[in-house]
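Input: one structure, supplied below.
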Amino acid sequence: MKELEAAWEEALEGLVLHRERQVVYLNPKAEELLQVRREKVVGRPLLLTLRDHRLEALALHGGERRLEVRGRLLWVKALPGRLYLLDETELKGRLEALEEATLTLAHELRTPLAGMGPLLEALTPRTKQEKEVLDLLKGEVARLARLAQSLSFTQPGPRRTFPLEELWPRLERLLHERLRGRRVEVHLPHTARTDPDALFQILLNLLDNALKYGQDPIRLRSRLGEDHLHLEVRDAGPPLPDYETLFLPGRRGFQGGLGQGLGLYLVRRLARSLGGEAYAGREGEENVFGVRLPLD
């Protein structure tokens, strides 16, 4: 028990323990975030420590929320008798910097991509194989140009109605090496009206993560909800301790290791730009990562 208390004394996450609306413990990080002195608040009413009715309501009734508290952005999670506080102020700053860097990258990519198109058009293939390769290069340069244009995540590209199954050959071509020897099941019987390039990028990122970190069989499928179209990548790997944090930048793969991974973060941003949302969770024996898009 002493080891556990010592660990919380050094933790980067704030912890407040309470019983019958009285504070029984708070660690140094909670002191800092709530701007209180624990020797003055332990044993006193919970509200005097939190000094925020929103925090008190969470502490008493449970739940999770992001709140601006004392000038800082906190992710707050409440369980019976326990209130956890995670400071996301620095993360918010990093996300804003990432967005600015993304816009800069999109701007820098447009010029070389615009020049590559005419150069490819000037090439004359001599064989059928060279023509197939050249057509592939033209298609990918055009896709990258459209992706660079939409990297602001605010203005989706042109929408059209198309069968979802038309995306699979492109996905299979780009993921050819990773698909080798893997068991991947594809079931995309529906039609969508959306930006096909943005949706292609979403599925590419989801499949790429599943192939890196998931376990076979991996299933790419679409299904209809009440008012949404769902596209999901499922794998048979073990359950994960936390799914939501994998959508944060700097999380890599389904194992949630720290890194420079942006795949799932971009999935969420792209899904939102299309009027939808990304989600993840456990269903039966499968991990599910997917997006839901509004039906037109």
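Please work out which residue is nearest to residue 279 (Cα to Cα), limiting yourself to the range 190-244 and to residues that are touching a residue at least 40 places away in the same chain (Cβ under 8 Å) and basic (Lys, Arg).
The extreme case among them is 234.
Quick test for you: out of 232, 226, 172, pick the one residue that is under 20 Å from residue 282 (Cβ atoms), at pLDDT 80 or above and either surrounded by fewer than 21 Cβ atoms within 10 Å (Cβ to Cβ) or not β-branched (Val, Ile, Thr) (or both). Walk me through how you get there before you give the answer.
Numbers: 226 fails: under 20 Å from residue 282 (Cβ atoms); 172 fails: under 20 Å from residue 282 (Cβ atoms).
Answer to the selection: 232.
On to the next question. Out of all the residues in the range 181-208, which are over 13 Å from residue 171 (Cβ atoms) and buried (at least 18 other Cβ atoms within 10 Å of the Cβ)?
If the condition is that a residue be over 13 Å from residue 171 (Cβ atoms) and buried (at least 18 other Cβ atoms within 10 Å of the Cβ), then 192, 194, 195, 198 are the ones that fit.
Also, quick follow-up: On the given criteria, is residue 39 among the charged types (D, E, K, R), over 36 Å from the mean Cα position of the chain (by Cα) and more than 19 Å from residue 79 (Cα to Cα)? Can you show your working first?
Numbers: among the charged types (D, E, K, R): yes; over 36 Å from the mean Cα position of the chain (by Cα): yes; more than 19 Å from residue 79 (Cα to Cα): yes.
Spelling it out, residue 39 is indeed among the charged types (D, E, K, R), over 36 Å from the mean Cα position of the chain (by Cα) and more than 19 Å from residue 79 (Cα to Cα).
Among the numbered criteria (1) under 19 Å from the mean Cα position of the chain (by Cα); (2) closer than 26 Å to residue 142 by Cα, which one does residue 191 miss?
If we test residue 191 against (1) under 19 Å from the mean Cα position of the chain (by Cα); (2) closer than 26 Å to residue 142 by Cα, just (1) comes out false.
Condition first: touching a Gly at 6+ places or on another chain (Cβ under 8 Å) and under 14 Å from residue 236 (Cβ atoms). Now tell me which residues in the range 175-221 satisfy that.
If the condition is that a residue be touching a Gly at 6+ places or on another chain (Cβ under 8 Å) and under 14 Å from residue 236 (Cβ atoms), then 213, 214, 215 are the ones that fit.
The values are calculated or read from the model by the stated rules, or taken from the named source; none is laboratory data. Everything numeric in this text was worked out from a predicted model, so none of it was measured. Glycine also receives a Cβ, built like all others from the backbone with ideal geometry; neighbour counts cover every protein chain displayed.
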